[in-house]
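Step one of this worksheet: look at the structure below.
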Amino acid sequence: MSDRAEQLHTAADEQIAELIGLLSGADEDALHRPCPGRERLGDGSIGAIAAHTAMNYQRIGAFVATGQGRSSRHDQWQQPRRRIPGFLRALGHAPPAHNPAGAHQNEHGGFTAETDPSEIPERLTCARDDLTRIAELTDEQLDRVPAKDSFRFCDGERTLEQVLLALLKHQEHQVQALRAALTRAR
């Protein structure tokens, strides 16, 4: 564990703790209210933005776990190569497409306020548990460069620490929008 990893984990944990606090008191009516500035995410409601934000925390936790679970035979942050034999390629088979940014963008339309108010804090609690893995990262791991397009903000140049900082900054913007919207809703 490194001090840098602990700082990243603390930032994520504080964001999630604040969201859990904000959303624990939100009723169904509050979740259906609009979240200004976030109209393009799902139906633009507080519930939709909260569900989107919770899912992103879960993705970040899975991303960190994936990097830690790799075999030492492979570079820890490189995607495994998927080879397709030439005869299968000729028949139209191709490696599975992996476009996390594109997949992420397509999911914006699927979030709605039709969510049980207690479900989102539960999701956030699970994500919070997953994100404890950030604190276990070493300085060496934080200094590695994840494979290009392996996750959002992975451009083949940024270190894992820089990617996590960018992800948490993005999440903080969602938290700020939810904080403002929920404050108005009360």
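The values are calculated or read from the model by the stated rules, or taken from the named source; none is laboratory data. None of these values were measured; they are calculated from a predicted model. Cβ sites come from the backbone with ideal geometry, for glycine too, and all protein chains shown count toward neighbours.
For beta carbons closer than 6 Å, sequence separation of 6+ or different chains, a first residue in the stretch 35-52 that is touching a residue at least 24 places away in the same chain (Cβ under 8 Å) and farther than 21 Å from G25 by Cβ and a second that is among the hydrophobic types (A, V, I, L, M, F, W, C) and assigned to a loop (DSSP other than H, G, I, E, B), the qualifying pairs are G42/F111. Looking only at residues in the stretch 114-168 that are out of contact with any Gly (no Cβ under 7 Å at 6 or more places or on another chain) and among the β-branched types (V, I, T), the one that is farthest from L8 (Cα to Cα) is I120. Of all residues in the stretch 28-42, those satisfying the criterion of being among the charged types (D, E, K, R) and in contact with a helix residue (DSSP H, G or I) (Cβ under 9 Å, 6 or more places away or on another chain) are E28, D29, R33, R38, R40.
The helices (runs of 4 or more DSSP H) found entirely in the stretch 1-114 that carry 1 or more residues being closer than 21 Å to F151 by Cβ and at pLDDT 90 or above are 3-24, 46-68. Given the structure, is E122 farther than 18 Å from G21 by Cβ and free of Cβ contacts under 8 Å to residues at least 24 places away in the same chain? No.
Considering only the stretch 118-165, state which residues are among the hydrophobic types (A, V, I, L, M, F, W, C), closer than 24 Å to A54 by Cβ and not in a helix (DSSP H, G or I). Across the stretch 118-165, the qualifying residues are L137, F151, F153, C154.
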